[in-house]
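The values are calculated or read from the model by the stated rules, or taken from the named source; none is laboratory data. All values derive from a computational prediction rather than experimental measurement. Virtual Cβ from ideal backbone geometry, glycine too; neighbours counted across all protein chains shown.
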Amino acid sequence: MILWASEFDGLSRSATLAGMLVTGAGFGLVFSPLNADALNRLPDSMRGQGSGITQTFRNFGSALGMAVMGTIIASATELSGAAGVNDFVDALKTAWYVGAGMLGVGLIICQLFMSAGTQRDIE
């Protein structure tokens, strides 16, 4: 997201392509292993509940992140013309940097509070 935000000055598809690809690949490559790891830490009898909780928190986090980022963008888009475009680009950059920061905080929280490794023979 930091790479994507740093490319916003061009505001063209080709100027932001690298950031889009890295962000999309990062999210795509992370979600499946995260889900597998979360479910592997549960006994078979609780995996349905675990999957539901995982999906609920993923959706809640996405909605909260989009609300925060959308609020940042909306707060700076009152002007029109060239000043409005520049404010919009600056707001996009800020929103994406904030989003990257939220992901970083989430990583730190997970590193601090999640136990390492897998749980074996939990049933």
Would you confirm whether or not segment 26-39 contains a residue that is out of contact with any His (no Cβ under 8 Å at 6 or more places or on another chain), more than 29 Å from V89 (Cα to Cα), among the β-branched types (V, I, T) and modelled with pLDDT of 85 or more?
no
So which of T56, T77 is surrounded by fewer than 15 Cβ atoms within 10 Å (Cβ to Cβ), at pLDDT 85 or above and of a type in the set (S, T, N, Q)?
T56
Please name all residue pairs, on different chains or six or more residues apart, with Cβ atoms under 8 Å, provided the first residue is in segment 105-123 and is within 18 Å of A36 (Cα to Cα) and the second residue is exposed (fewer than 10 other Cβ atoms within 10 Å of the Cβ) and modelled with pLDDT of 60 or more.
E123/D44; E123/S45
Kindly provide the set of residues from segment 19-78 that are of a type in the set (K, R) and part of a helix (DSSP H, G or I), ordered by number.
R47, R58
Residues that are closer than 14 Å to I72 by Cα and aliphatic (A, V, I, L, M), drawn from segment 84-99:
V89, A91, L92, A95, V98
